[in-house]
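Undergrad: The structure under discussion is supplied below as structure tokens; questions concerning it will follow.
The values are calculated or read from the model by the stated rules, or taken from the named source; none is laboratory data. Computed from a prediction, not measured in an experiment: that's the story for all the values here. Every residue, glycine among them, receives a Cβ derived from its backbone with ideal geometry; neighbour counts consider all protein chains shown.
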Amino acid sequence: MFHPKLFENRNVVVTGAGRGIGLEVARQFLDCGARVAVHTGRSKSRDLPDFLLTAEADRRAVLISGDFSEPGGTATFAWKVLDAFGTIHVLVNNAGTMVGRFPAGELTDQDYEVVTRLNQTSVVEVTRALLPALRAAKGAAIVNTVSISALTGGSPGSAIYSASKAFVSTYSKALARELAPDMIRVNCVSPGTIETDFHERYSSREKLEATRKTIPLQRLGTSEDCAPAYLFLAAPSLAGYITGQVLEINGGQLIC
């Protein structure tokens, strides 16, 4: 557990925070004293946990829905964030998903466009829109979510998803070099196989069990395993000399 005042008086933005890893990241930032703009996903009607609603009532959280797969979706979201926060200390670009499994020979132009828009174009657009507010913080951090599949290529049907995550990884390293004079650090968290509804939608139980057996720690990861890495990389007191890195959270999958 991090100190409850680690991010006191800090403004944090977390995209893709309506469920899974992003939701837990938002929770832990709130627990550490941050004011958090929470991107709750595309639906305004999604059921949200009580802690988010309480934080909103206490004016510690701003809940913003937005469909990043639609043209203008990221711009509208960024406008609402900037209306709430003039300065941003931490940006977590976590929004994205596989959308579906698309064999290479069956991938349509529309499939390709949706996957790349959600997983890579949205990261570029949100970062670009919020960059002035990040520069204003004079010591901000960007933490982008990638995936173990950016290194391994993923499993069948996930080629474009995996490639989009590799794009974000390389983009983040380039940004780290470019934004260093602005005192903005840029890093990535790369989850392995994590027990969220992502894998409930895109992986069978048999596939997940086969994967579990290959992991040295002999279990799948959880959102709680992943979230502290985001806070670590975001905190200047903990990771102030770390930029351009990818932190792998996978129970040892990559050493096998």
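Undergrad: Consider Glu224 carefully, then state whether it is farther than 30 Å from Gly105 by Cα, touching a residue at least 12 places away in the same chain (Cβ under 8 Å), of a type in the set (Asp, Glu) and not in a loop (DSSP other than H, G, I, E, B).
TA: Yes.
Undergrad: Here are Pro191, Pro216: which of them is farther than 27 Å from Arg135 by Cα and under 13 Å from the mean Cα position of the chain (by Cα)?
TA: Pro191
Undergrad: Of all residues in segment 177-218 being assigned to a helix (DSSP H, G or I) and in contact with a Lys or Arg (Cβ under 7 Å, 6 or more places away or on another chain), which is modelled with the highest pLDDT?
TA: It comes out as Asp182.
Undergrad: Provide a single number: the residues in segment 102-116 that are surrounded by fewer than 17 Cβ atoms within 10 Å (Cβ to Cβ) and either outside any helix (DSSP H, G or I) or within 14 Å of the chain's Cα centre (by Cα) (or both).
TA: Result for segment 102-116: 6.
Undergrad: Moving on. Go through segment 136-145 and give me each residue that's of a type outside the set (A, V, I, L, M), under 13 Å from Ala176 (Cα atoms) and outside any loop (DSSP other than H, G, I, E, B).
TA: Within segment 136-145, just Asn144 meets the criteria.
Undergrad: Also: Are there any pairs with C-beta distances below 7 angstrom linking a residue in segment 77-103 that is within 17 Å of Ser122 (Cβ to Cβ) to a residue that is assigned to a loop (DSSP other than H, G, I, E, B) and aromatic (Phe, Trp, Tyr), with the two at least 6 apart or on different chains, and if so which?
TA: Ala95/Phe68
Undergrad: I've got another one for you. Where in segment 1-92 are there strands (runs of 3 or more DSSP E), lying fully within it, with 1 or more residues that are of a type outside the set (A, V, I, L, M), at pLDDT 95 or above and buried (at least 22 other Cβ atoms within 10 Å of the Cβ)?
TA: In segment 1-92, the matching strands (runs of 3 or more DSSP E) lie at 11-14, 35-39.
Undergrad: Right, something else. Which of the residues belonging to segment 127-162 are farther than 17 Å from Thr193 by Cα and either among the basic types (Lys, Arg) or at pLDDT below 95 (or both)?
TA: Arg128, Arg135, Lys138 - these are the residues of segment 127-162 that are farther than 17 Å from Thr193 by Cα and either among the basic types (Lys, Arg) or at pLDDT below 95 (or both).
Undergrad: For segment 10-56, enumerate the residues that are without any contact (Cβ under 8 Å) to a residue 24 or more places away in the chain and closer than 22 Å to Asp225 by Cα.
TA: The one that is without any contact (Cβ under 8 Å) to a residue 24 or more places away in the chain and closer than 22 Å to Asp225 by Cα: Asp50.
Undergrad: In addition: Being touching a residue at least 24 places away in the same chain (Cβ under 8 Å) and surrounded by 13 or more Cβ atoms within 10 Å (Cβ to Cβ) narrows it down to one residue among Ile255, Ile215; which is it?
TA: Of Ile255, Ile215, the one residue that is touching a residue at least 24 places away in the same chain (Cβ under 8 Å) and surrounded by 13 or more Cβ atoms within 10 Å (Cβ to Cβ) is Ile215.
Undergrad: Still on this structure, please answer the following. Among the residues of segment 11-54, write down those that are within 27 Å of Gln120 (Cβ to Cβ), more than 13 Å from the chain's Cα centre (by Cα) and among the charged types (D, E, K, R).
TA: The answer is Arg27, Arg42, Lys44, Arg46.
Undergrad: Moving on to the next point. Could you tell me whether Lys165 is surrounded by 23 or more Cβ atoms within 10 Å (Cβ to Cβ) and either among the charged types (D, E, K, R) or at pLDDT below 95 (or both)?
TA: In short, yes.
Undergrad: Additional query: Examine segment 117-125 for a residue that is modelled with pLDDT of 95 or more, touching a strand residue (DSSP E or B) at 6+ places or on another chain (Cβ under 6 Å) and buried (at least 19 other Cβ atoms within 10 Å of the Cβ), and state whether such a residue exists.
TA: There is at least one residue in segment 117-125 that is modelled with pLDDT of 95 or more, touching a strand residue (DSSP E or B) at 6+ places or on another chain (Cβ under 6 Å) and buried (at least 19 other Cβ atoms within 10 Å of the Cβ).
Undergrad: Have a look at Ala150, Ala140, Ala133, Ala129 and point out the one that is surrounded by 19 or more Cβ atoms within 10 Å (Cβ to Cβ), farther than 26 Å from Ile249 by Cβ, in contact (Cβ under 8 Å) with a residue 12 or more places away in the chain and hydrophobic (A, V, I, L, M, F, W, C).
TA: Sole residue among the options that is surrounded by 19 or more Cβ atoms within 10 Å (Cβ to Cβ), farther than 26 Å from Ile249 by Cβ, in contact (Cβ under 8 Å) with a residue 12 or more places away in the chain and hydrophobic (A, V, I, L, M, F, W, C): Ala133.
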